[in-house]
Amino acid sequence: MKRLCQLLLVFWLSSLCALAQDAAVWTLSGKVTDAKTRKPMAHVSVTDRNVGTVTNEMGEFVLKLPKAPERVAFSCLGYKTQYLSAAAMNGVRVEVRMEPSTVMLSEIVVQGADAKDLVLKAMEKISDNYPNVPNLLRGFYRETVEKRGHFTSISEGVVDVYKSAYDKNDWRDGVEILKGRRLLSQRPSDTLSVKLQGGPVLPIILDVVKEKDILLDVEELNHYSFRYASMSRADDRNQYVVEIAPLYAQDYALFRGRLYIDQETLAFTRIDLTLDMSSPEKVTQMILRKKPFSLRFTPHELSIYIDYKTDNGVTRINYIRNVIRFRCDWKRKLFKSNFTVISELVVTDRKEGKDVKPIKIRDTFNRKDNFYDKVIYFDDPDFWGGENIIEPTEDLLKGIEKIKRRIARD
C-alpha cells in the first residue's frame, strides 16, 4: 500500500436519465434475523447464484428476478447458510432466521504454517481461485453523507463494472454508470459539502485481492504482524481468520484488520480493514485532497469491508463497503461538525467469459470525478424498476423525506 490516493475526500464551499426497465416477474422480500437473539442481520448475501442483493442495516431485503429460481440462498460469515425453496414464493414476504455455526476445537489447528505463511500461500493461489476470464458485473452503488447524525446528501446508481482476469493488471478495468439519482440538502446552513472521489470505482480500486499494492504485496506484508484468531464459517465452509497489525511505523498509515481464508481452497473470502489512526497527519495526507484553508480536518475512521462469494469453485467479489468518519471545525469558530461518508456496492448480476468486452473509454467513469456530480435528482418511485438494490433503512427513508421537504420549500 504505497498510497491510498484513490480514497480521497474533496470539500467545497458552497446526468443521466432513467432508462427503460425490464420488469421483474419474480420478487421475494423479507427480513433476516439471528435465530437466537432475534436481532436484525445486516449485509447478509441473498442470491440465486448469479443474481443477488444484501440486507440493509435493519436486515431487510428485496430480491427481483426475471424468472422463478430453484431456491434462494442466505449466507453470512459465522452462520449456517439457509436455503428457501422458491416454488410458490413470488411476492411473498418472509422472515429468515439464521443459525450461528460452530467450529470444533480440533479444526482450529493449522497444519504446520504460521499465520504469515498461510497468507503467502493464499496469495499464490489467487490465480487458481479467482476469475481467469473477464467479468462484467452489474452493481448497485449508494453513497451517503451525514453531518451531526443527519443526512445531507444521498446519491445512488446502477453501474456496470468490467474486471479483467485476476492474474492480470489491465488498465481497461473500469466502471460505467447506467443510471443514477441524487438527493441534496439545500439549507443555507450547509456551507460545507463533502464529496468522495472515485465513488462507484470501489470494486476496482479497493479489491484487495486484485489490487495487491493495497496490502497483498510481499514487500508490503513485511510491515505487518500476523496472528491466528478463532476460526469461523462462511457458506458452510471453515475459514481461517488471520489478524494483522502494523509491525512498525512507516511514512504512510498502515491497516489493522482480519483476513478470512477458506480452509480447503485458501481463497480469501472476506477482508475487514481499518486504517491505523495513531498518526492523524499521515491519515489526512492519504484521504484528503482539497479543503478550505481555514478548515481543520481530524480523521476518526477509515474502514473497508469486502465480501467475496464462491460459486462452482470460483471466488468473486460480492459486496464492498467503505466508511470514512471525520471532524471539521473552522478556525476562530466555536462549533465543530462530525461527518460520516459511507459508500457501498453490491454485485447484483454478472456475465463472464472471453467474449466479455471492456467498457468503452468514453463511457468509463473517471476515477478523479465525484459520483455525486454525475447524477441528478429524480422523484420517481419506479426509478429502479426491476433492478436489485440495497433496500433503504428507516433512517435513510426519513432522511430522504426531510431532504424532499427542504427542496419543496425552496
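The residues of segment 203-258 that are open to solvent by 20 Å² or more (accessible area, probe 1.4 Å), in a loop (DSSP other than H, G, I, E, B), in contact with a strand residue (DSSP E or B) (Cβ under 6 Å, 6 or more places away or on another chain) and closer than 17 Å to ARG270 by Cα amount to a single one, ASP235.
For segment 78-93, the set of residues classified as of a type outside the set (Gly, Ala, Ser) and within 25 Å of the chain's Cα centre (by Cα) consists of TYR79, LYS80, THR81, GLN82, TYR83, listed by residue number. A single member of THR33, THR27, THR47 is of a type in the set (Ser, Thr, Tyr) and modelled with pLDDT of 95 or more, and it is THR33. Does ARG327 satisfy being within 23 Å of the chain's Cα centre (by Cα), exposed (fewer than 14 other Cβ atoms within 10 Å of the Cβ) and in a strand (DSSP E or B)? Answer is yes for this residue. Cβ-Cβ distances below 9 Å connect the following pairs, each with a first residue in segment 80-104 that is modelled with pLDDT of 85 or more, a second residue that is open to solvent by 80 Å² or more (accessible area, probe 1.4 Å) and not in a loop (DSSP other than H, G, I, E, B), and a separation of six or more residues or different chains: GLN82/ARG97; TYR83/ARG71; LEU84/ARG71; SER85/ARG71.
Of the residues contained in segment 52-71, one or more are found to be in contact with a Cys (Cβ under 9 Å, 6 or more places away or on another chain) and either more than 18 Å from ASP311 (Cα to Cα) or of a type outside the set (S, T, N, Q) (or both).
Can you tell me which residue within segment 332-368, out of those that are buried (at least 16 other Cβ atoms within 10 Å of the Cβ) and among the acidic types (Asp, Glu), is nearest to LYS309 (Cα to Cα)? So, considering only residues that are buried (at least 16 other Cβ atoms within 10 Å of the Cβ) and among the acidic types (Asp, Glu), the one nearest to LYS309 (Cα to Cα) is ASP349.
Residue count for segment 385-410, restricted to those that are modelled with pLDDT of 75 or more, within 23 Å of LYS195 (Cβ to Cβ) and part of a loop (DSSP other than H, G, I, E, B): 4. Taken together, PHE365, PHE339, PHE326 contain a single residue that is among the aromatic types (Phe, Trp, Tyr) and closer than 21 Å to TRP171 by Cα, which is PHE365. For ILE177, the criteria (1) under 30 Å from GLU401 (Cβ atoms); (2) of a type outside the set (S, T, N, Q); (3) open to solvent by 10 Å² or more (accessible area, probe 1.4 Å); (4) over 18 Å from the mean Cα position of the chain (by Cα) hold in every case but one, which is (4). Within segment 264-280, which residues are open to solvent by 30 Å² or more (accessible area, probe 1.4 Å) and touching a Phe, Trp or Tyr at 6+ places or on another chain (Cβ under 6 Å)? Hits for segment 264-280 are ARG270, ASP272. Of the residues making up segment 32-77, those that are of a type in the set (Lys, Arg) and either open to solvent by 60 Å² or more (accessible area, probe 1.4 Å) or under 18 Å from the mean Cα position of the chain (by Cα) (or both) are LYS36, ARG38, LYS39, ARG49, LYS67, ARG71. TYR83 meets all of the listed conditions (1) open to solvent by 60 Å² or more (accessible area, probe 1.4 Å); (2) assigned to a loop (DSSP other than H, G, I, E, B) but one, namely (2).
Give the residues of segment 273-331 that are touching an Asp or Glu at 6+ places or on another chain (Cβ under 6 Å), of a type outside the set (A, V, I, L, M) and either within 17 Å of VAL161 (Cβ to Cβ) or modelled with pLDDT under 90 (or both), sorted by residue number. Once the filter is applied, which keeps residues that are touching an Asp or Glu at 6+ places or on another chain (Cβ under 6 Å), of a type outside the set (A, V, I, L, M) and either within 17 Å of VAL161 (Cβ to Cβ) or modelled with pLDDT under 90 (or both), segment 273-331 yields ARG296, ASN318, TYR319, ARG321.
Screening segment 281-292 for residues that are open to solvent by less than 50 Å² (accessible area, probe 1.4 Å) and of a type outside the set (A, V, I, L, M) and picking the one that is nearest to TYR228 (Cα to Cα) gives THR284. On the stretch given as segment 332-345, residues that are at pLDDT 85 or above and farther than 20 Å from ASN388 by Cα total 5.
Inside segment 296-324, residues that are farther than 27 Å from LEU259 by Cβ and either among the hydroxyl-bearing types (Ser, Thr, Tyr) or loosely packed, with under 15 Cβ neighbours inside 10 Å (or both) make up a count of 2.
The values are calculated or read from the model by the stated rules, or taken from the named source; none is laboratory data. Quick caveat, the model's predicted, so the values are computed rather than measured. In this analysis, Cβ positions are derived from the backbone assuming ideal geometry, glycine residues included, and neighbour counts consider all displayed protein chains. Heads up: the accessible areas ignore ligands, DNA and RNA and are worked out on the full protein's heavy atoms, side chains in. Shrake-Rupley method; radii C 1.70, N 1.55, O 1.52, S 1.80 Å.
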